[in-house]
Amino acid sequence: MSEENQDRLKQNLSALTASAENGSDEQSYVGLLRDICILGAGEPVAGCTVANKILSIVRKKFDSTCQRLVEKREASCGSDDKELFNLLEVAVTSVESAKALFERICFDDDAKIEGILVALSLGLDLLHSSYAHLKEKSLYGEHLRSVEDALSNLSSHTVHLQTVLLQCLEKLHVGESHEKQLTSLSSVCEKLSQLALLLEGLDLKMLISARKILVKTLLQYRDGLKHKFSIDSAVSDLCRYVTEWLLELEKMEQRKEGSFLVEMKAVAFHLRLLDSLLLKYEGYYSSSMKNVVKMIVILSRLPALEVYAANLVASHRSSLMLHVWIAAEHLVAVLADNTDFCGAVLGFDLCENFSPGNLLLLTTILDHIVNASDMWLQPPSQTNILDLIFSCIDKCIVELQCPVFLEYSTGDGRAPRKIGLYENVCIHMCRFVATLPAKYFPALEHTLLANVFSESHWRAFLAADVWCFVARYGSPQLCYEHVQLLVRLAKLIPGKHVKASAHVKQLLARLFDFMADEHKALLIQLHSKDLQVLSSLPLSKVMPTAKANAMQLLNKFLCKTITSLELKTLEHFLQHLKTSSKAKSDHLPVSILLKALKTIPYDQSLICSTLTECLISLIVSQVAHLNASSIGDVLRVIESLHASGVDSLQTITALHLSSFGAMRNLSGSQKAEVCERLARSFALVLSSENYIVQHIAMVSFAQFAQVTEYNTVITKAVECPSLKQAVTSFLLKEDLQKHFCWPSFVSCQEKMLSCSWKGATKDSRGNSASHVTEEVIPEKRRKCEDETEKLIATIENAVAKLLHAENIGAMKPRLSRLQEQMNAILNSL
């Protein structure tokens, strides 16, 4: 710069300072600023010192101008469009001049990096103030239309200023050994981070630009900035942006294709930036780890997005899975060995809607801890990852029942296939167990055993599936020892724990198939007299005695001498017979089965429903061999079951009515009565107000119609016009042509069934004390038996004392009456 120009610059700079401090002559300030920064664009500014002085003046003037604009608008009266326009012209000129100034800063050998960093810091301050003012443009109210062009001009120059500033930052080369420079660079990065926060929701393109340069700078000067810049804040900002957008998807109405794709790509870009920071700054973002975990959890639940974001079209969901969801697994791979990540995952405070995401996160982690470090399986004060998976699956009831699908590749060259949420979890668990070192097997066995006893069938099923995988691919001796353990547990479980007992016995039956032949023979030999154990084994192994044992226990049931344990054993034998085609092909004593069926109370309890279902199944399997009179007796019982109002019993009757299609060659006067009664039974279940009963009845009626030779039953069953219309609609599958929302349906049915169960009738027939209920009566029976035993023991002790007593002759009349009472008790037995 020539000496003359330097002198002129000093004079203008002094005048600019005075004009800015004066605050009254706006036109003079604008003219001087243009003269210094814009009109003299042919020459560079002489060094950073002068530039920083100008920038300092400009920043202060811009802030004071914005403050005056706010005050003018808040005052309402006294401000006109011209006054506002003049102040906005000052703001626009300030930003435009700062941009021109940065384009002319001299980067010669004498220029110091510290000076350039100060200039960048001042420029970022000006940018922040300008964007903040633009973000609050609503303050102009009714004047907005008149100043709209000026605000647009301000926005344009602000964007250009940001572009120039970021270019300057990219050109900069900071020495990593210069502490002062690194401190200034850290300050610039902090301001750039704050600017990015302000740009959210204002200008997506500029937001991406700011965060891109920020992360690039942090990666470039990692060693110098790792102790100076707060990486936690940068990581948290990136996580929060992704998290908020993903959560917003649930509330979004149907979005335009263009805007959705732009926003999605911005989210994918943020994920790439985050991935770079997590890789490079390991160990420096522990405070933000909870935010990272929360983001990955929400990211992981994208496959279940249909449950939470029904308005999202299929193409958008597909794009999310392809470009965004895939990042979850990569982030897990990066963080799996991180202690802070482990602690945050195991201690994550789970919200209800986050459960499927947390479940998928946990199963993904299993794929990346092949070496199974202690921190995941044996944490000092937290639940281990296996226990967390089981507790989490119990909170995904809706998602497990909805069509939530994930792609699964077998890795053998075949095309990927779609699998459900449960199957996905099961595959990951089994794959993890297959590589688990032996030292962690105690933790695995403890988890599996605890969940087999769970009241939740989802947890019990998963534990059983994983256990069967272990049995199938483990040693035969290990499988035999596991079966022996389950046999002992099956005997020890108190009768009141119905579900736990059922889960153990189901697993026992499954594991039996994986045992070596010699172990099977040994087990049956050891427990040949134990009906409880035999009834839990597959029928093919106990078939010779199953039918006889079932009939023996049925007779005890009819005589009311059956114990709680024997009742449960009877249930298992009947279930075996029900599923055995050989047993059904044999002639069964229908009269005994009917008599037993009439004895069971009309109750919602599990054991009453199970016994009823087994007996009806066995009875209707004999329809082809029954005469009209016997079929009439069966139908009368079925009508009474439906009339009970217990929905579980109504479901059972509807399910088995189709079996009457096997009726053959009915003759005699009772033929018309049987057809009339069967038609009436169908009409009752088809017109049920319970959706599940009605649907099962429709299916059963359709099956009956395909095989029966008695068309009069079909005609009479649907005589009612509305019923005929409903059946016709079902057969034509008209409901399938309507829009159907799985999540809403499942949630509705869950609530309905829950209310139905809670409000079920507890006492529908006879004395409630005589009900064969699994939940209540066994406990009462045990208490009664215990009290009777104590009473008899007391009598025995008293008799023993009387035998050695002296002078009891006077008591002979009383002893005689006592003897008569004891004889009466014995005779009644």
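The values are calculated or read from the model by the stated rules, or taken from the named source; none is laboratory data. All values derive from a computational prediction rather than experimental measurement. Ideal geometry is used to build each Cβ from the backbone, glycine not excepted, and the neighbour counts take in all protein chains shown.
Restricting attention to the stretch 479-537, the residues being basic (Lys, Arg) and under 32 Å from the mean Cα position of the chain (by Cα) number 4.
The selection criterion, being surrounded by fewer than 16 Cβ atoms within 10 Å (Cβ to Cβ) and under 30 Å from CYS396 (Cα atoms), holds for ARG472.
Pairs linking a residue in the stretch 171-186 that is of a type in the set (Phe, Trp, Tyr) to a residue that is exposed (fewer than 14 other Cβ atoms within 10 Å of the Cβ), with Cβ atoms under 7 Å and 6 or more positions apart or on different chains, do not occur.
Within the stretch 290-307, restricting attention to residues that are more than 19 Å from ASN338 (Cβ to Cβ) and either outside any helix (DSSP H, G or I) or not β-branched (Val, Ile, Thr) (or both), the residue that is farthest from the chain's Cα centre (by Cα) is GLU306.
Residues that are surrounded by 19 or more Cβ atoms within 10 Å (Cβ to Cβ) and either within 41 Å of the chain's Cα centre (by Cα) or not assigned by TED's automatic domain parsing to the domain that holds LEU635 (or both) do occur in the stretch 658-678.
Scanning the stretch 353-374 for residues that are of a type in the set (A, V, I, L, M) and farther than 13 Å from ALA443 by Cα returns LEU359, LEU360, LEU361, LEU362, ILE365, LEU366, ILE369, VAL370. Checking each residue in the stretch 177-205 for being acidic (Asp, Glu) and assigned to a loop (DSSP other than H, G, I, E, B) picks out GLU200, ASP203. Buried (at least 21 other Cβ atoms within 10 Å of the Cβ), of a type outside the set (Lys, Arg) and modelled with pLDDT under 90: is that true of LEU320 in this structure? Judged against the criteria, LEU320 is a match.
The residue of the stretch 234-255 that is modelled with the highest pLDDT, among those that are out of contact with any helix residue (DSSP H, G or I) (no Cβ under 6 Å at 6 or more places or on another chain) and surrounded by fewer than 16 Cβ atoms within 10 Å (Cβ to Cβ), is GLU244.
Conditions tested, residue by residue: (1) in the same structural domain as GLN604 (by TED's automatic domain parsing); (2) touching a His at 6+ places or on another chain (Cβ under 9 Å); (3) not aromatic (Phe, Trp, Tyr).
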position: THR653; (1), (2), (3): yes, yes, yes
position: SER688; (1), (2), (3): yes, yes, yes
position: PHE701; (1), (2), (3): yes, no, no
position: VAL707; (1), (2), (3): yes, no, yes
position: VAL713; (1), (2), (3): yes, no, yes
